Amino acid sequence: MNPRERVRKALRHEEPDRPPIDLGSTPVTGIAASTYFRVRQALGLGAHPVTIGEPFQILAEVEEPVRRALGVDTIGIWNPTNMFGFRNEGWKPWALPDGTPALVPRGFEIEVDANGDTLIYPKGDRTARPSARLPRDGYYFDSIVRQDPIDEDRLDPRDWAEQFEPFSDEDLRYFEDTVTRLYRETDYALVGNFWGGGIGDIAHVPGPGLTHPKGLRDPNLWYEYLLTHTGYIRGIFEIQADVALRNLELYRQVMGDRIEVLVMSGTDFGGQQRPLCSPRLFDQLWKPLYRKLNDWVHAHTPWKVFFHSCGAVAPLLDRFVEAGVDILNPVQCSAAGMDPATLKERHGDRLVFWGGGVDTQKTLPFGTADEVRAEVRERVRILGKGGGFVFNTVHNIQARTPTENVLALYEEVRAAA
């Protein structure tokens, strides 16, 4: 089977010749740039600088020779503007804190403070306050909370929601040119990184891509406001959903039927031990809007809807399905209640599991290559039975992950024919 056929079969809950593999089609299924650099060298594919396709998490842009060498079946069509609000273009050199040579976009404007931390400016605008910090020995940026004094009597959802914008003509030309080229010139399954339906995604709360974020920007207060200022939060969510619906219509016009998967949401609903919201609050704030967006996708396209939510989300999975979710990622099997066999038994006929292939908190970074192989075999056996499984690690492959472990996991998946 070719990659596109393999993924399509898995999405239909049928068993392909082997589990499809994703690496790097989304910013939640990728690989840290420093780890990628070492893996690429081990594959004999060069020591040239790594292109940083996602600067917030410092993820590598996976290249064609690496995809072929590892047996990857997917490729993503990413948004041209990244989390920091500048476009991924005009590449220039940069070195990661560990010395890994890299290329970053032209708008990647930084300075190093007295502590040796790297501060980055939103939209590449040095007149703004820095929006994120990379610790001097760190591996990715942390958002800086730029919370202005809050006047609760004058909170306006429209101020907060300024970051949700209709696609520009330039964006749409980029999407159309990219999807046309990739569909014609490759046999990969194409993944559309829409993300506009990530209602209330905590990563966007501090506004890392805004020069002057307005409204509530403190993540700690955000969770309180879900309960204490529900009307304000609902107003933000409704504006986001309205913009997302308009953008879906534009996206459909340029993407057509050439993508297999639409990445709708990255809102995390789970911690390590339990969900981050009650089922009642999910029903109140999120479910109606998700249903509205996902119903539109299913009525107008053949795309499968991909939701990313880390953590212990098992108590919410029936609600995800009712809201029209087709694909669950990252399938964090180490979280409470997320046993893979139980997930497959209870939800495997309704959800495609895109992830869960190996634990990136313990096994992959700290286990032996044999332990990695054993866990991969077990996850493939459980989650791959009957289809409905696309192999990916639990979230991104992190920095300092042993190269031999990364190579072992892909060898094991490819052997699972």
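The values are calculated or read from the model by the stated rules, or taken from the named source; none is laboratory data. These figures come from a predicted structure and were not determined experimentally. Glycine gets a Cβ as well: all are built from the backbone with ideal geometry, and neighbour counts include every protein chain shown. What goes into the accessible areas is simple: the full protein's heavy atoms, side chains included, and nothing from ligands, DNA or RNA. Shrake-Rupley method; radii C 1.70, N 1.55, O 1.52, S 1.80 Å.
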Against the conditions (1) part of a helix (DSSP H, G or I); (2) within 23 Å of ILE144 (Cα to Cα); (3) not polar (S, T, N, Q), where does ASP268 fall short? Just the number, please.
(1)
Strands (runs of 3 or more DSSP E) within region 11-103 that include 2 or more residues of a type in the set (A, V, I, L, M):
50-54, 74-77
For region 350-382: of the residues being under 26 Å from GLU322 (Cα atoms) and assigned to a loop (DSSP other than H, G, I, E, B), which is most open to solvent (accessible area, probe 1.4 Å)?
ARG350
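Out of PHE282, PHE306, I need the residue that is under 27 Å from ILE77 (Cα atoms) and outside any loop (DSSP other than H, G, I, E, B). Which one? Walk me through how you get there before you give the answer.
Details: PHE282 fails: under 27 Å from ILE77 (Cα atoms).
Going through PHE282, PHE306 in turn, just one is under 27 Å from ILE77 (Cα atoms) and outside any loop (DSSP other than H, G, I, E, B): PHE306.
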Would you mind stating whether ALA341 is without any contact (Cβ under 8 Å) to a residue 24 or more places away in the chain, part of a helix (DSSP H, G or I) and either in contact with a helix residue (DSSP H, G or I) (Cβ under 9 Å, 6 or more places away or on another chain) or not hydroxyl-bearing (Ser, Thr, Tyr) (or both)?
no
For region 317-326, state whether one or more residues are touching a Leu at 6+ places or on another chain (Cβ under 8 Å), crowded, with 21+ Cβ neighbours inside 10 Å and among the charged types (D, E, K, R).
yes
Would you please list the contacts, defined by Cβ atoms under 9 Å and residues six or more apart or on different chains, that run from a residue in region 39-66 that is farther than 30 Å from ALA203 by Cα to a residue that is open to solvent by less than 10 Å² (accessible area, probe 1.4 Å) and not aliphatic (A, V, I, L, M)?
GLY46/ARG40; ALA47/ARG40; HIS48/ARG40; PRO65/ARG40
Could you tell me how many of the residues in region 183-206 are open to solvent by less than 30 Å² (accessible area, probe 1.4 Å) and either farther than 25 Å from ASN294 by Cα or free of Cβ contacts under 8 Å to residues at least 12 places away in the same chain (or both)?
1
Every listed condition ((1) surrounded by fewer than 20 Cβ atoms within 10 Å (Cβ to Cβ); (2) at pLDDT 95 or above; (3) over 17 Å from the mean Cα position of the chain (by Cα); (4) closer than 28 Å to SER143 by Cα) holds for GLU5 save (4)
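Kindly state which helices (runs of 4 or more DSSP H) lie completely within region 147-232 and contain at least 1 residues that are among the β-branched types (Val, Ile, Thr) and closer than 19 Å to MET264 by Cβ. Before the answer, list the steps.
Values: elements: 157-160, 169-185, 219-228.
So the answer is 169-185.
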When residues of region 400-417 are limited to those that are within 19 Å of LYS362 (Cβ to Cβ) and over 23 Å from the mean Cα position of the chain (by Cα), the one surrounded by the fewest Cβ atoms within 10 Å (Cβ to Cβ)
GLU404
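Only one residue in LEU221, LEU262 is in contact with a Gly (Cβ under 7 Å, 6 or more places away or on another chain), within 22 Å of CYS310 (Cα to Cα) and aliphatic (A, V, I, L, M), so which one is that? Before you say what the answer is, go through the steps one by one.
Working: LEU221 fails: in contact with a Gly (Cβ under 7 Å, 6 or more places away or on another chain).
LEU262 is the lone residue from the list that is in contact with a Gly (Cβ under 7 Å, 6 or more places away or on another chain), within 22 Å of CYS310 (Cα to Cα) and aliphatic (A, V, I, L, M).
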Looking only at residues that are in contact (Cβ under 8 Å) with a residue 40 or more places away in the chain and of a type in the set (D, E, K, R) in region 273-301, which one is most open to solvent (accessible area, probe 1.4 Å)?
ARG274
Let me confirm something: among GLU238, GLU249, which residue is assigned to a helix (DSSP H, G or I) and in contact (Cβ under 8 Å) with a residue 60 or more places away in the chain?
GLU238
